[in-house]
Amino acid sequence: MTEDIIKVLLVDDQPLLRMGFRLILEGEDDFHVVGEASDGVEAVRQVEALAPDVILMDVRMPTMDGIEATRRISDSGSEARVIILTTFDLDEYAFTGLQAGASAFLLKDVAPSELVHAVRLVASGDAVVAPRVTQRLLETYVRGGALPGQPPTPHRDPLLDDLTPRETEILTTIAEGLSNAEIAHKFFLSEATVKTHVRRILSKLQLRDRVQVVVYAYETGLVVPSNPDY
């Protein structure tokens, strides 16, 4: 097996769904499903034993749900990236999963091509994390108890003071969903320079990946929900 193979762990209490995802992913040359789990406890154990690159994680499972499992995997220091699986887009559990450390979420009825594309993007660590449905989820739940049309109450993080002015600009553009290429074009930088800035931002703010930057930016008020009726 080459180093380019993406190792995937499937976590869902429905065997038929796991089988369907396995058939889709293993139809691609660059995927290998290294294991399956039917609940969160087993998932945490499998992550430690199998060191997957990407985990497809159901939310609602017996014994331990996918949110708690995601939190434990994230807190363990594992480099595995979690994709939360949910049945409908505006799911508060999916947003809680992003807060717990997940890198993305997908609907369970996702088209096979979209599933494959999403797993590759999340594995790369360079995914653009503001497609329409993810942005709508963030804008709905980050707002919390605020009335429609009101922005969330900002919570200033002292770690922001460690960023340079350029890093702060790039942080905002990441949160708005711009790719590295788009950020490079916007600021007249090379993509290599943008990647360096992104790595420094993640390190300084103690964030795992780009989706965590998006969540962070909404929660700290750096990005305000733009369209409450979206």
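Among the residues of the range 110-129, write down those that are modelled with pLDDT under 65, surrounded by fewer than 20 Cβ atoms within 10 Å (Cβ to Cβ) and among the aliphatic types (A, V, I, L, M).
Val128
Is one or more of the residues making up the range 43-56 more than 28 Å from Gln206 (Cα to Cα) and more than 18 Å from the chain's Cα centre (by Cα)?
no
(1) surrounded by fewer than 16 Cβ atoms within 10 Å (Cβ to Cβ); (2) modelled with pLDDT of 60 or more: which one isn't true of Glu139, the others all being true?
(1)
Can you go through Arg199, Arg208, Arg156 and tell me which one is among the basic types (Lys, Arg), open to solvent by 50 Å² or more (accessible area, probe 1.4 Å) and modelled with pLDDT of 85 or more?
When all the criteria are applied, what remains is Arg199.
Hey, Ala181 hits all of (1) hydrophobic (A, V, I, L, M, F, W, C); (2) open to solvent by 30 Å² or more (accessible area, probe 1.4 Å); (3) modelled with pLDDT under 80; (4) in a helix (DSSP H, G or I) but one; which does it fall short on?
Among (1) hydrophobic (A, V, I, L, M, F, W, C); (2) open to solvent by 30 Å² or more (accessible area, probe 1.4 Å); (3) modelled with pLDDT under 80; (4) in a helix (DSSP H, G or I), the lone unmet condition for Ala181 is (3).
Got a number for residues in the range 87-101 being open to solvent by less than 10 Å² (accessible area, probe 1.4 Å), farther than 29 Å from Asp4 by Cβ and in contact with a strand residue (DSSP E or B) (Cβ under 7 Å, 6 or more places away or on another chain)?
1
Got a sec? Which of Ser38, Ser78 is farther than 21 Å from Ala118 by Cβ and in contact (Cβ under 8 Å) with a residue 24 or more places away in the chain?
Ser38
Which of the residues belonging to the range 24-73 are within 24 Å of Ala111 (Cα to Cα) and open to solvent by 30 Å² or more (accessible area, probe 1.4 Å)?
Ile24, Glu26, Gly27, Glu28, Asp29, Asp30, His32, Val34, Glu36, Ser38, Asp53, Arg60 - these are the residues of the range 24-73 that are within 24 Å of Ala111 (Cα to Cα) and open to solvent by 30 Å² or more (accessible area, probe 1.4 Å).
The values are calculated or read from the model by the stated rules, or taken from the named source; none is laboratory data. All values derive from a computational prediction rather than experimental measurement. Cβ coordinates were reconstructed from backbone atoms using ideal geometry, including for glycine residues, and neighbour counts include every protein chain displayed. To get the accessible areas, we keep the full protein, side chains included, count just its heavy atoms, and leave off ligands, DNA and RNA. Shrake-Rupley method; radii C 1.70, N 1.55, O 1.52, S 1.80 Å.
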